[in-house]
Every structure is written in structure tokens, then in C-alpha cells.
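Following: one structure in C-alpha cells, then a few remarks.
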Amino acid sequence: MPKAKETVLEIDLGALAHNYQYLRSRLAANTMFMGVVKAFAYGSDSVAIALKLQQLGFEYLAVAYAKEGVALRKAGITLPILVLHPLPISFKKMIKHRLEPNIYSFKILREFIAEAEKSEVIDFPVHIKFNTGLNRLGFLEEDVRQIAEMAMGQNSIQVASVFSHLAASEDLNERDFTKRQLATFDRIANAMRASLPNKPFRHTLNTSGIINYAHEAQYELVRSGIGLYGYGNEALIDKELRPVATLKTIISQIHHIKEGDTIGYNRKFTAEKPIVTATLPIGHADGIGRPYGNRKGFVWINGQKAPIIGNVCMDMIMVEVTEIDCQEGDEVILFGKQASAETLAKGAGTISYEILTGISQRVKRQIVDK
Ligand SMILES: *Cc1c(COP(=O)(O)O)cnc(C)c1O
């Protein structure tokens, strides 16, 4: 890997392929795989990731919002794309770009049918989402009959799949709750399939669902995001996966700080003895937020851990390097290959998903594929 000369987010497509093979190895050979590429593919690069997933033979992609899907279509992605949180304002665009909606309420169902009729499409694929306990988006079990009647009463849309989302698939203390969610989904999916002539396919597992519930609930398709990017929500799985994104920067300047001097805005760090600090060209505008300041976060320089001291600035952070052999221009790793984003996130009270998706568009993406 080339050494960083500025702040870059390196995207390793080889790691993506490895993670896919690992997750696949836990599934039946004919189970379809949906790659979740919402939020710039978890903060990486949605076009580069989607092109690679298409090449790897994925059956489906998912985004959160329609505009994310439009960007993929414009970049030449031809795979079916599920839009997890469509809003009526984008229905027309979605039909034009063949972006398949999650239908989660009667209002959305009625309005999507109306738009599909206006656009004169036939059997446009839609995906019916059921709320089985997350209480975020979705129909209830008692809605099955009316959904089926509405679907049967027209031919502009067709129910391609029925699905649900688990509330706590990564938390084995919530196993009983998850089993109830899965049982509810199973009843609903069977009822939907009994009422519709084209058996819609079924899906409910995300990454941790694949890890913990693949035996009982993999159905025809699984949806994975975080696992593809190299994080498994538990240490044993993390060992099998490879982080796709590595956030790197360099040392801009080294300072020799005298005892009693302070570092950064509002003087939140006071040197109790002479120390050495390094200033790095990355700050909260790049996605390293204020909660990482004041020793909650750290970086790696020449294999050694350097805590962030003082407040995080918009465009810079300062780290302590008193005991580290380093110079201006040396490479610095924030997370990735040698340093888990999950560990860094935990120090600031958050999770890998948030730090990954928070890396701003100011940071250059560098794609590596080998
Ligand atoms: C984001 C999302 C996923 C992916 O979850 P991971 O934990 O990243 O695998 C799957 N399904 C739905 C509905 C989602 O919103």
C-alpha cells in the first residue's frame, strides 16, 4: 500500500470480496445476497463498492433513499436495487430508474400504485415490509389481507418480496425476543405467499442475523451491510473479516510543549511535564467528531498508539507522541487494517457504523483492488 501524503480513506476491494466469501460460507449455496450500499456504502464509495458487488455476482443491492439509487444507475449499475426508505416525492424517478421501493404503509402503497399506473409500467417489483418488533417502518400482521387484495386488484406493481428487520440480531441476550420476531415474520410471509400467485421471496437477516440465525431464518435472500465492510459486531467474527476502509493521514507539524502550556481551543489539555505533540490534518469536518477529543480517541503512528489531546478542531487534531519515534510527514492510521474502527468508536461511546458513515466527502477516497 502506498504511504499517505494527505488524509485519505483507502478502500480495499479485495477485503470486500474476502468478507463476502466468508459470509457466503455461512449460508446455503442458493441463498441470494443483497449488498447494502446505503450512505455511500457505509461511508466508503458507493459506486466502487457497487461495481465490485455486481462483478462478484450479488443478486441485489439496497440503498436507503432514492437519490442514492439514481447515482448508482448513472454510474452504470444494472443490478436490481431496493430502496429501503422511499418517499413519495421520488416515486416518479424511482420508476424511471427501476429502483424498487420498500412499501411500508397503505399510504405508500396507494401512492406508488398511482404513480406506477401513470407511468404505464406492468408488474413493477415492490417489496412489502412488515414491522415485527423494531417499530420503525412496516405493516402489521393484521394488514396482510388488505395488502394482498390491493396487490391482486391491479397489474402495475407486483410483490417481489416480503421482508422484516430484526431489532437486536447481534444481542444474544435478546434471543427470545428475536425468536418471536422471526416466528411472527414466518406467519406473515406464509400468509402473504398463500394469498399471491407469484410466491414472493422472503428476507429478514442482516449481518448479525446471518451470524446468529442463518439456520432458522435465511429464507431466499439475506441483506448484509456492516459485515461486507469488515465488522461483525462481535470479536470472533471480526477476526474472520477484513476492514474495507482504512482512514489515514500524516503528521503536519511536531511541537515540543513546555510544562504548564496548554493545547488547543479552550485550553482543555495542560502539559504537566514537557511533552511532544503532533498536529494532524483531520478534524470534525472530516468525521472525527468532538467526542474523540480529550483522550477518548487515539491514532496509530509507526505502530504505536497516540491519544488525541485537547478538543478536536474542525480541520485538525493534536495527538501526544512523546514516547513515539516519528517525524513530520510520517503516516498516521486512524482506523482500518491495523486498528479496528469498532475499538476507536467505542472510546467515544459509539459504534463502527457511525464512525464509518461519518467520514465526510472532503476526505479523498483511494480505491485499491488486488
Ligand atoms: C441497514 C440495513 C441493513 C444492513 O444491516 P447490517 O447490520 O449493516 O448488516 C439490512 N436491512 C435493513 C432494513 C437496513 O436498514
- Query: At a probe size of 1.4 Å, how large is the accessible area of residue 187, to the nearest 10 Å²?
  - Reply: 130 Å²
- Query: For the chain, what is the Kirkwood estimate of the hydrodynamic radius, computed as the reciprocal of the mean inverse distance between distinct Cα atoms, to one decimal in Å?
  - Reply: 22.3 Å
- Report ³J(HN,Hα) in whole Hz for each residue of the stretch 347-364, in order, from the Karplus equation J = 6.51 cos²θ - 1.76 cosθ + 1.60 where θ = phi - 60°; Gly and Pro get x. x, 9, x, 10, 10, 3, 3, 6, 5, 5, 6, x, 6, 6, 6, 5, 7, 5
- Partner lysines whose C-alpha sits under 19 Å from that of residue 239, ignoring same-chain residues fewer than 8 away, are 337, 346
- For the stretch 245-368, go through all pairs of different Cα atoms, get the mean of 1/r, take its inverse, and jot down that Kirkwood value in Å. 14.4 Å
- For the peptides 337-343, 152-158, what is the packing order when you average, over each peptide's residues, the other Cβ atoms within 10 Å and list the highest mean first? 337-343, 152-158
- Item | Average accessible surface area per residue within the stretch 31-105, 1.4 Å rolling probe, Å² | 37 Å²
- Message: Rounded to the nearest 10 Å², what accessible area does residue 360 have for a 1.4 Å probe in the complete protein model?
- Response: 30 Å²
- Note on the structure: Per-residue ellipticity at 222 nm attributable to helices in the chain (runs of n ≥ 4 DSSP H, -39500 (n - 2.57) apiece, nearest 500 deg cm²/dmol) works out to -9000 deg cm²/dmol
- Label the stretch 1-89 by shape, choosing from rounded, prolate and oblate, from the square roots a ≥ b ≥ c of the eigenvalues of the Cα gyration tensor; if a/c is under 1.5 it is rounded, and otherwise prolate applies when a/b is larger than b/c, oblate when it is not. oblate
- Query: For the chain, modelled as a GNM with alpha-carbon contacts under 10 angstrom, which of 265, 231, 104 fluctuates the most?
  - Reply: 265
- Query: For the chain, which whole-number percentage of the solvent-accessible area (1.4 Å probe, protein heavy atoms only) is attributable to carbon and sulfur atoms?
  - Reply: 51 percent
- Query: Under a straight-distance cross-link criterion of Cα-Cα below 22 Å, which lysines are reachable from residue 92, leaving out those fewer than 8 residues away in the same chain?
  - Reply: 38, 67, 74, 107, 118, 129
- Message: Using just the Cα positions, wrap the stretch 31-229 in a convex hull and report its mean projected area in square nanometres, one decimal place.
- Response: 10.5 nm²
- At 1.4 Å probe size, with no ligands or nucleic acids counted, give the accessible surface of residue 296 in Å², nearest ten. 110 Å²
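Rounded to the nearest 5, what % of DSSP beta bridges with both residues in the chain are antiparallel?
Here the share of antiparallel DSSP bridges comes out near 45 percent.
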- Note on the structure: For the stretch 241-326, dividing by residue count, accessible area per residue (probe 1.4 Å) in Å² works out to 47 Å²
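The values are calculated or read from the model by the stated rules, or taken from the named source; none is laboratory data. Just so you know, these numbers come straight off a predicted model, no measurement behind them. All Cβ positions, glycine included, derive from the backbone under ideal geometry; neighbour counts span all protein chains shown. Just so you know, the surface numbers come from the protein's heavy atoms only, side chains and all, with ligands and any DNA or RNA stripped out. Shrake-Rupley method; radii C 1.70, N 1.55, O 1.52, S 1.80 Å.
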